[in-house]
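Have a look at the structure below, then the notes.
The values are calculated or read from the model by the stated rules, or taken from the named source; none is laboratory data. As the structure is a prediction and not an experimental result, all values here were calculated from the model. Reconstructed Cβ throughout: ideal geometry from the backbone, glycine too, with neighbour counts over all protein chains shown.
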Amino acid sequence: MNSYSIALLPGDGIGPEVMREAEKVLAVIQRKFDLNLTLNQFDVGGAAIDKHGHALPEDTLKGCEQADAILFGSIGGPKWDSLPLDQRPERAALLKLRSHFDLFSNLRPAKIYPGLEALSPLRADIAASGFDVMVVRELTSGIYFGQPKGMAGEGEEEYAFDTMRYSRREIRRIAKIAFEAARLRGKKVTSVDKANVLVCSRLWREITEEVAKDYADVELEHIYIDNATMQLLRYPNQFDVMLCSNLFGDIISDECAMITGSMGLLPSASINAEGFGMYEPAGGSAPDIAGKGIANPIAQILSAAMLLRYSLGENSAAEAIEKAVQQALNDGYVTAELLSAERKNEAKTTAQVGDYIAAKLEELA
Ligand code: NAD
Ligand code: IPM
Ligand code: MN
């Protein structure tokens, strides 16, 4: 029996609500696949600020260091928005975890499931043409982390500044991830940049071209970020792997999520060079729906599947979860945001969707 320990960091808003459903699914996986999973829960984000005065308490960081992988919910919310930037849950916990573990490789797979085109807000003929993209986002550098950042000057001349910065090494390592991913998929990398304006993007292009030479079987194309956002809506099926810097990947992945039907469907994996990873929905704590029991738990459940695949190598368990999720979607057993106005009364709660997926898993696995 394989034994693993997973650090669970539910966080704020809908985080704890959707984490509960992922735990139900992992409980079934444990039995069906004969795994010994130890799940240790830790405080993070606003919840940790309220309890311990810090968004990433020492215990939480230690717990993560001792685990085989981290399953993260979501953090942040209006209650903590007025804190100084470096104390807010986003920077003090989430970005800190990403940089502490050097989780530079962020994989965000988004697809319109065959038969589920109606969930997409895109025009029917466009949704029918297909959409299956892996966003490969650089996660530990770029404008999020570049120094210096701050404020200077006075009065009306006071100004704010951030630094966008990328080294050759940082671009090369994420580009390789994108090409490796493309090799296992549609063999095409679209590198997203703003090389008509930004020096960082010019270096980004240079390095991706260099890396491409080692992947003759993979096609490389470059696209400007502004064009990319519209091409995704015009003809989403032209993309396979989208290679993005930190900020562009953040934006593109929300758009990709919505093309599939909901932010609540998009999982993500953030992995370092050793294969250690943190897994989390691409969306946030959704304060607008938190506490109502209506959040879609699928992104969290699929993040657990990615954890099983990428950090634990338990591929068949991951596939079983993905199949059970597809089944729930096929059966129209979904939360409200995936339903049209006339069908809202058929909506299921967060817990009902989690129970359904867990039950399907019992049947399938
Ligand atoms: P958000 O992703 O929380 O919400 C955007 C929209 O998507 C909302 O309408 C929300 O209801 C919807 N949505 C998101 N997840 C959903 C789900 N599972 N089911 C149904 N609908 C869902 O983004 P936001 O409103 O810009 O940010 C809210 C807070 O979350 C902010 O504090 C932000 O910094 C934080 N945030 C955290 C993470 C994270 O923890 N990884 C990611 C993004 C945003
Ligand atoms: C995401 C989130 C985070 C990001 C925020 C909360 C810091 O939007 O994971 O996409 O910008 O990376
Ligand atoms: Mn984001």
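Within this structure, residue 282 fails the test of being out of contact with any Ser or Thr (no Cβ under 7 Å at 6 or more places or on another chain), within 12 Å of ligand 2 (Cβ to nearest atom) and in the same structural domain as residue 330 (by TED's automatic domain parsing). Among the conditions (1) surrounded by fewer than 24 Cβ atoms within 10 Å (Cβ to Cβ); (2) aliphatic (A, V, I, L, M); (3) in contact (Cβ under 8 Å) with a residue 40 or more places away in the chain, residue 56 misses just one, which is (1). Among the residues of the stretch 259-291, how many are more than 12 Å from ligand 3 (Cβ to nearest atom) and in a helix (DSSP H, G or I)? Counting residues in the stretch 259-291 that are more than 12 Å from ligand 3 (Cβ to nearest atom) and in a helix (DSSP H, G or I) gives 4. Residues that are closer than 28 Å to residue 281 by Cα and out of contact with any Ser or Thr (no Cβ under 9 Å at 6 or more places or on another chain) do occur in the stretch 153-165. Residues that are assigned by TED's automatic domain parsing to the domain that holds residue 365, surrounded by fewer than 24 Cβ atoms within 10 Å (Cβ to Cβ), without any contact (Cβ under 8 Å) to a residue 12 or more places away in the chain and within 22 Å of residue 306 (Cα to Cα) occur at least once in the stretch 25-38.
Just checking, how many residues over the stretch 258-281 are within 7 Å of ligand 1 (Cβ to nearest atom) and crowded, with 23+ Cβ neighbours inside 10 Å? Looking only at that region, the number is 3.
Here's a check for you: in the stretch 217-257, which residue that is polar (S, T, N, Q) and within 15 Å of ligand 3 (Cβ to nearest atom) is surrounded by the most Cβ atoms within 10 Å (Cβ to Cβ)? The residue in question is 245.
Residues of the stretch 129-147 that are over 19 Å from the mean Cα position of the chain (by Cα) and under 19 Å from residue 98 (Cα atoms): 146, 147.
Here the condition is being touching a helix residue (DSSP H, G or I) at 6+ places or on another chain (Cβ under 7 Å), under 19 Å from residue 35 (Cβ atoms) and β-branched (Val, Ile, Thr); of 271, 225, 301, 259, it holds for 301 alone. Applying a threshold of 9 Å to beta carbon distances and a minimum spacing of six or more residues, or different chains, the list of pairs starting in the stretch 68-91 at a residue that is on the phi < 0 side of the Ramachandran plot and of a type in the set (S, T, N, Q) and ending at one that is near ligand 1 (Cβ under 10 Å from one of its atoms) and part of a strand (DSSP E or B) reads 74/11. Scanning the stretch 226-241 for residues that are acidic (Asp, Glu) and in contact with a Lys or Arg (Cβ under 7 Å, 6 or more places away or on another chain) yields one hit, 240. Of the numbered criteria (1) surrounded by 15 or more Cβ atoms within 10 Å (Cβ to Cβ); (2) in a helix (DSSP H, G or I), the one residue 210 fails is (1).
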